[in-house]
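Working notes for the structure below.
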Amino acid sequence: MPPVFRFAPSPNGLLHLGHAYSALLNFERAREAGGRLLLRIEDIDVARCRPEYETAIYEDLAWLGIAWETPVRRQSEHLADYRAALEKLSALGLVYPAFESRAEIARLVAAREVDGLWPRDPDGAPLYPGDAKSLSADERSHLIASGAPYALRLDMQAACRRAARLSWNELGEGPDGERGIVPARPEAWGDVILARKETPTSYHLSVVVDDALQGVSEIVRGQDLFYATSVHRLLQVLLGLPEPAYRHHRLIRDEAGRKLSKSSRSTGLRALRAAGVTPVRIRQLVGLG
């Protein structure tokens, strides 16, 4: 079978040079390997995703000379797939509802940090500090029936016991030069959110389900997602999904060394095109010229 690659942007803003670099790498890897390139629209965040941004994604990629297979998978049209995966994890006893708001979690973290810094995940966010796992089934049912908002979290400790030792094959390079077989450390993320009351999925859950259903065999993405691979490998094992190879690439940064943001017009593809920048020049700007 030919290798399958994918570029999976979220339509919550306009694409920038960093997206161009990742999309071009996927396109060229697929072409060199005689493989397929898929485009996936990760639009589960209904509050931020907009149709005009999705349209702009198609226009910007076509302007760069990138071709992809159709139809395009839009996550918002496949919520049943994610719900089925969530139910499988729940049947294993690995999912529980947590009812603290973001503000309440911040207060819990502040209270715990009286005795020292509370643990952070690889992205710098504090690990879940609540005690929702200790609630009884009746207490959980009562809170859900009352209409209280909640997040469905993965019981990381129990999940890691079930999955045992994990690793992945890194064909690219991690932030510290990691290559080859990389040990996974999903426990560093704590009890990650898998879904919320109003949305039956999260980034971590939907991305592993989509990659498996679409037959993605090599995932080419930025180093900002390198550490998240540990969570993805854990979910793949728990759900019985195939293991792809991973190729993490360097990030395109601004003059101050910061990761690019969709709010930065100076690196936005739409603004650069309007200023007369050509696709050839874009390739040069990201180091592919």
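The values are calculated or read from the model by the stated rules, or taken from the named source; none is laboratory data. Since the structure is predicted, the reported quantities are computational estimates derived from the model, not experimental observations. We place every Cβ from the backbone using ideal geometry, glycine too, and count neighbours over all the protein chains shown. Just so you know, the surface numbers come from the protein's heavy atoms only, side chains and all, with ligands and any DNA or RNA stripped out. Shrake-Rupley method; radii C 1.70, N 1.55, O 1.52, S 1.80 Å.
Regarding Ala188, is this residue farther than 20 Å from Ala85 by Cα and open to solvent by less than 30 Å² (accessible area, probe 1.4 Å)? Lay out the reasoning, then the answer.
Numbers: farther than 20 Å from Ala85 by Cα: yes; open to solvent by less than 30 Å² (accessible area, probe 1.4 Å): yes.
In short, yes.
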**Message:** Exactly one of these conditions fails for Ala158: (1) out of contact with any helix residue (DSSP H, G or I) (no Cβ under 7 Å at 6 or more places or on another chain); (2) open to solvent by 30 Å² or more (accessible area, probe 1.4 Å); (3) in contact (Cβ under 8 Å) with a residue 60 or more places away in the chain. Give me its number.
**Reply:** (2)
**Message:** Suppose we filter segment 6-20 for residues that are of a type outside the set (Gly, Ala, Ser), in a helix (DSSP H, G or I) and within 15 Å of Leu225 (Cα to Cα); how many remain?
**Reply:** 1
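Which of the following residues is assigned to a loop (DSSP other than H, G, I, E, B), closer than 24 Å to Asn12 by Cβ and open to solvent by 10 Å² or more (accessible area, probe 1.4 Å): Leu288, Leu251, Leu272, Leu241?
Leu251
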**Message:** One residue is enough: does segment 163-171 have a residue meeting the conditions farther than 23 Å from Ser217 by Cα, of a type in the set (D, E, K, R) and either in contact with a strand residue (DSSP E or B) (Cβ under 9 Å, 6 or more places away or on another chain) or open to solvent by 60 Å² or more (accessible area, probe 1.4 Å) (or both)?
**Reply:** no
**Message:** Residues that are under 30 Å from Ala23 (Cβ atoms) and among the acidic types (Asp, Glu): list the helices (runs of 4 or more DSSP H) wholly contained in segment 47-155 that include at least 2 such residues.
**Reply:** 51-63
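Of the residues that make up segment 217-230, is at least one of a type in the set (Gly, Ala, Ser), part of a strand (DSSP E or B) and touching a helix residue (DSSP H, G or I) at 6+ places or on another chain (Cβ under 9 Å)? Let's see the steps before the verdict.
Taking segment 217-230 as the starting set, the residues that turn out to be of a type in the set (Gly, Ala, Ser) are 217, 222, 228, 230.
With part of a strand (DSSP E or B) added as a condition, the list becomes 222.
Imposing the further condition that a residue be touching a helix residue (DSSP H, G or I) at 6+ places or on another chain (Cβ under 9 Å) reduces the set to 222.
Yes: segment 217-230 contains one or more residues that are of a type in the set (Gly, Ala, Ser), part of a strand (DSSP E or B) and touching a helix residue (DSSP H, G or I) at 6+ places or on another chain (Cβ under 9 Å).
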